[in-house]
Every structure is written in structure tokens, then in C-alpha cells.
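The block underneath contains the structure these notes are about, expressed in C-alpha cells.
The values are calculated or read from the model by the stated rules, or taken from the named source; none is laboratory data. If you're wondering where the values come from, they're calculated on a predicted model, not measured in any experiment. So basically every Cβ, Gly included, is an ideal-geometry build from the backbone, and we count neighbours across all protein chains shown. With ligands, DNA and RNA removed, areas are computed over all heavy atoms of the protein, side chains included. Shrake-Rupley method; radii C 1.70, N 1.55, O 1.52, S 1.80 Å.
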Amino acid sequence: MQVSRRGLVPPFIAMDVLRAANERELTGSDVIHLELGQPGSSAPEPVLEAARLALTAHYRMQYGVAVDPAEVVVTTGSSAAFQLAFLAAFEPGDRVALAVPGYPAYRNILAALDIEPVLMKVGENVHYQPTAELLAHYGTLDGLIIASPANPTGTMIGAADLMRLAAYCHDRDIRLISDEIYHGITYETTAATVRAFGREMVIINSFSKYFCMTGWRLGWMLVPPDLARSVECLAQNFYISPPALSQFAAIPVFGCRGELDGHVARYRANRDLLIGTLSAAGLTRFAPAEGAFYLYADISSVTRDSEEFCRRLLIETGVAVTPGLDFDPIDGGGWVRFSFAGSTEQVAEAARRLADWLPRLTIDKNKDLEQK
């Protein structure tokens, strides 16, 4: 499996010294810290280690998968994790496939790093997700990004299909990067982790979604052994470490699953309410919202200009939604994404306004057609 030369940056040696010093302290030996330019308070490494241990326990309990703490890299949010993964795994000019519609930051970060995003158009026929059969049509690839549950579609890749994708990538030396930040927010079935099917893929997750710690800028990666040193050196130079306060705050959140699962139940109720209202108002085609908290809706029956649709909706009703063009530069003009992560009262009021507004939009469209 390829390792990018861009990840072979010199280490921030002070951080290597800090690690050696902390290891010495753990043996009971004394250390006088003169290596870092920071106040003389305790370094966050003990917190980082506690976070790693909590995350390894999380994988054992949630998925029945054994994870070595050495595989865990705690990051400054999942966005930093994507940058570290892309820099460590891919050279300039490498070709990395991703599904469209999909999260726009994937292709934007890849492009900024001079890596070619290979856009795979996915639709109902493949459950809005990449398949091994689909990948075969895109030539030689160096990487594949998947997300299950996905943003904006909310669709998931079942365990059997995930295993086939992992095997396909393994056999062709394609680095598989799995975005699992919406794990825990699923409705009919639980999400499978691709880590169950090997160690050569990169897993990225975050405390922002299921754990409701948006803004704390804390995420994590499971990093294969061949990328571990590259990721470590890149992280030392880019970020040093995630905020210590965020790390402290995250450790007890693994004991809050009752409260967090209550939020997921609310998201499900919001999803069902939104689907019912929009369907009654004439929008009836949606990507299957099996997870995450998004409803990706086809609006092509009323317009193929999703940006104008969203502009008018905000001005005329006060409801803000995202144009499909953000997620799909090919066909996103006929789609929009609704987030149902808020309170049920907010979602219900938004749905009521949409139900009143959509018929007026259809009347306006028919008038325009009559005048042409």
C-alpha cells in the first residue's frame, strides 16, 4: 500500500522528546521539563492516553473489534484528520474516488492538496453509495473515500457490501478512507465499521455528531501501521495536539449513551415528520435517510435551480436549507438537503411553512410556463 512522500516530513523533535520524557515519568523516574515552550502546567499527554484507551474500549463494545491504542490518533476535529490522512497517503496527482452526491469538503481538500477527486455518480440503482462494480469503471485509482451513514443522503453501506469494498481496495492497493462520523445516528440498522475487515484502511470519526460536541474541535483516526509515523510527524507540525480542555471533556461522554440515544430517537421522529409533510406537499422522492440527520430531497418537479429555490425559501418563509449543488456539482440543481437535527418543534414549524409555500412555488412555475 502506498505511503505518500509528503508525509515524510521531519518530526517536531520537541514532541518526540516530550513523549520520551512522559514515558520516563510513567516508570516512576523524575523528569524536569525544559523541552516545550509552554507554561509549567501538566502536559496533555495523560489526557490523550486516557482518550485513546476510551476509544479502544468504544470499538470493543460497539463493534466487537479489537483496536490497539497505538492505532488511535486524536485530532483537532475530523477536518484535521482528513488533511492528515490525505497528505500521508496520497501524492500530488493521485486519483481518489468519492461518491456524488457527497460531502463537498472531501473533493475541496483533495483539490487543494493537488490530488485529483474522481467523482462517481451514484443514485438509486446503487443505493447512493459506491460499489466494487462501479469502481471498476473509473480506471486506476489510488484511493477511495466512503461515508456510511453519508452526508447528504443518509444512506448506509451494509456489512457484506463494506467487506466487498474493502477486499476490492486491498486487492488493488487502493487506500480506503472511511468517514464514520455519523456512526451511532442510525434508525433501522446499526452501522458497520470497515475496521472489522482489515487494518490497512484509515477510519475517521468525530465527537461532533453522535456525541453532540460540535465546536469542541475533537476527532480521531484509526491509522494503519504504515502511515502512523507520517501522520504523527504531520500532526506535530500542523496542530501539536488537540485542545486539552476538549480532551478532558470528551472522556466522560462515553458514559452518556442513554441521553445521546434519546437524541437519536428525536432525530428519527423529526425525519418521519418531515418526510410525511413534504410528501403530502408534493415532494415524494428522497434518498433513504437510514442514518445521520439529513433528508436529501428531489425538487426537480418544481425547479432545477436549487440555489434559487433555497434563496426564495429563506426570503419568503425564513426556512434555511442547503442547495444540492453543494453536494453534487453534476445534478444537484434538482435536489436540496434538509437537516432535521434540531428540536421537534423547530422541524414541525419548518415543515408547516414548507407545506404552505411549496404549492405557491408550483403555481408560480405553471404561470411561467403559460407565459412562454
Hey, can you grab everything whose amide H is under 5 Å from the amide H of Thr75? Only 5+ residues off in sequence or another chain; H modelled, so Pro and N-termini drop out.
Gly219, Trp220, Met221
With an 8 Å cut-off on Cα pairs and a minimum separation of 6 or more residues, tell me the relative contact order of the chain in percent.
18 percent
For Asn151, which sequence-distant residues (separation of 5 or more, or a different chain) have an amide H within less than 5 Å of its own amide H, given hydrogens modelled in the peptide plane?
Tyr103
Kyte-Doolittle at least -0.5, axis length at least 30 Å by Cα - qualifying DSSP helices, the chain
257-280
Please give the peptides 20-27, 347-354 ranked by average Cβ packing (other Cβ atoms within 10 Å per residue), highest first, as a rough proxy for protection.
347-354, 20-27
Compute the Cα gyration tensor for segment 117-204, then decide on rounded, prolate or oblate, letting a ≥ b ≥ c be the square roots of its eigenvalues: rounded whenever a/c is under 1.5, prolate when a/b is larger than b/c in the other cases, and oblate in all that remain.
oblate
Rounded to the nearest 500, the 222 nm mean residue ellipticity computed for the chain from DSSP H runs (n ≥ 4, each -39500 (n - 2.57)) alone is -13500 deg cm²/dmol
Of Asp326, Asp173, ordered by accessible area with the largest first and a 1.4 Å probe, the sequence is Asp173, Asp326
With θ set to phi - 60° and the Karplus curve 6.51 cos²θ - 1.76 cosθ + 1.60, what are the ³J(HN,Hα) couplings of segment 326-334 in order, to the nearest whole Hz, using x for Gly and Pro?
5, 9, 9, x, 8, 10, x, x, x
What's the ranking of 231-237, 257-263 by average number of surrounding C-beta atoms within 10 Å, highest first?
231-237, 257-263
Expected field for Cys256, accessible surface area in Å² at 1.4 Å probe radius, rounded to 10, holds 50 Å²
Could you check which residue among Ala136, Ala81, Ala150 shows the biggest mean-square fluctuation in a GNM of the chain with a 10 Å Cα cutoff?
Ala136
